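Report on one structure; see the data block that follows.
The values are calculated or read from the model by the stated rules, or taken from the named source; none is laboratory data. Just so it is clear, the model here is predicted, and its values are computed rather than measured. With ideal geometry, Cβ positions are generated from the backbone for all residues, glycine too; neighbour counts draw on all protein chains shown.
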Amino acid sequence: MLLKYWKKYALNLEANILQFLKAEFVRTAARTVDDAQTLTEEINANGGGNNPSHTQLAKDDHEKPLHDLSAKLGEYAVRKVGEEMNKRWQQRSTVNIEELAASFIYNPSTESMAFTNDLERIASEWARNNADKMALAGDRTVLDTLAREANAVVTRIQQLNTAIMNSAEDARRATAREVERILREISNLGR
């Protein structure tokens with residue numbers, strides 16, 4: 001009876017988790033238009049690559065792993081341009097505002113950005129404090145992340161299912177031994 005219960009429990013658990021994963025896969029697939037753009041951009045621009053694309057950095061999707069970094073770098077750029085603009089209005093600066101602003105805008109597939117020490121510091125600090133997001137950023141698309149995580153979950157479910165089945169078998173054996181012991185005691189009562 002116990003073995004039958006554990007088998008049914010394990011099968012129901014596995015079915016429910018697989019159903020959840022399927023539903024999550026469909027929801028994620030519906031949100032991956034920008035991932036398709038990323039793949040297309042990389043293929044068209046340079047046959048692939050491992051640098052974040054404009055699509056990965058520029059979209060406003062707060063769930064993207066590099067969104068916070070992009071926002072921090074954007075805040076820095078806006079602050080620097082604003083400070084210099086304010087100095088120009090007060091006639092305390094001769095910096096060319098257009099060139100300064102343009103220095104923060106570039107096409108990563110055709111240009112390389114000359115990072116300032118401040119930008120490097122901001123990006124390095126963010127990377128040190130966000131190892132989990134850096135790992136996610138290593139996946140080219142959300143689908144890659146989902147597939148990697150789904151495989152890990154399925155493997156863990158299979159391990160748990162095996163452990164449950166082994167535990168159920170161990171419980172059955174222990175119960176059988178206990179029944180045998182009780183039957184021996186009963187048969188010894190008459191002697």
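Numbers at a glance
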| quantity | calculated |
| --- | --- |
| Residue under evaluation Asn44, criteria (1) over 26 Å from Thr145 (Cβ atoms); (2) loosely packed, with under 12 Cβ neighbours inside 10 Å; (3) at pLDDT below 80, criterion not met | (1) |
| Single residue of segment 122-159 satisfying the filter (among the acidic types (Asp, Glu) and in a helix (DSSP H, G or I)) that is farthest from the chain's Cα centre (by Cα) | Glu125 |
| Residue that is at pLDDT below 90 and charged (D, E, K, R), where the choices are Glu125, Glu111 | Glu111 |
